[in-house]
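Everything on this sheet refers to the single structure shown next.
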Amino acid sequence: MKCPYCNFPDSKVIDSRPKDNKIKRRRECINCGARFTTFEEIEKPMLMVEKRSGSYEQFDRDKLVKSVYSAIGKRPIPLNQVNEIADYVENYFANALKSVARSKEIGEVVLDRLREIDPIAYIRFASVYEDFTDINSFFAVINEVENKKRKDKTDE
């Protein structure tokens, strides 16, 4: 790492710690002894989304956050959990080394996370994601949530 004071091409790391999904490093120049801070960030591969129409667009984290946030509207879910869902989706496909994901796959990952967090938000998101066209679609998802709740109670 080049020193910002004397432009010497080398420095040593004095301290290193994680901060806000980055790594904060305190460095000291080997030449002049000046200290400075750097931040290291993990580069995630670009994720392309294959839409239902067959077209492609770049994954938009903000779009995902907005859609999840609209599903949780007025529910007791903190905003940081919405960001955790978005982080999970990005990491899920990065860890799978996928550069293209179908919108259906992304929706399923989000639904899995919402199912664990809040049943109402899950149903709201599912109604848009699954493109419900009649009331029976709602009943099917509600019954699924109720059956899972009963199963979880009997497992305890």
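The values are calculated or read from the model by the stated rules, or taken from the named source; none is laboratory data. Quantities reported herein were computed from a predicted structural model and do not represent experimental measurements. Glycine also receives a Cβ, built like all others from the backbone with ideal geometry; neighbour counts cover every protein chain displayed.
Key figures
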read-out	value
The lone exception for PHE59 - which of (1) over 25 Å from ASP20 (Cβ atoms); (2) under 15 Å from the mean Cα position of the chain (by Cα); (3) of a type in the set (A, V, I, L, M, F, W, C) it fails	(1)
Only one of ARG124, ARG102 that is in contact (Cβ under 8 Å) with a residue 40 or more places away in the chain, of a type in the set (Lys, Arg) and crowded, with 16+ Cβ neighbours inside 10 Å	ARG124
Residues (aromatic (Phe, Trp, Tyr) and either out of contact with any Cys (no Cβ under 9 Å at 6 or more places or on another chain) or surrounded by fewer than 14 Cβ atoms within 10 Å (Cβ to Cβ) (or both)) located in the stretch 6-40	PHE39
All strands (runs of 3 or more DSSP E) inside the stretch 9-51 with 2 or more residues being in contact (Cβ under 8 Å) with a residue 40 or more places away in the chain	48-50
Test for ARG150: is it farther than 19 Å from LYS51 by Cβ and exposed (fewer than 15 other Cβ atoms within 10 Å of the Cβ)	yes
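Yes or no, residue by residue, for (1) of a type in the set (Asp, Glu); (2) at pLDDT below 90; (3) over 21 Å from SER55 (Cα atoms):
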{"residue": "ALA71", "(1), (2), (3)": "no, no, yes"}
{"residue": "LYS74", "(1), (2), (3)": "no, yes, yes"}
{"residue": "ILE85", "(1), (2), (3)": "no, no, yes"}
{"residue": "VAL100", "(1), (2), (3)": "no, no, no"}
{"residue": "SER103", "(1), (2), (3)": "no, no, no"}
{"residue": "GLU108", "(1), (2), (3)": "yes, no, no"}
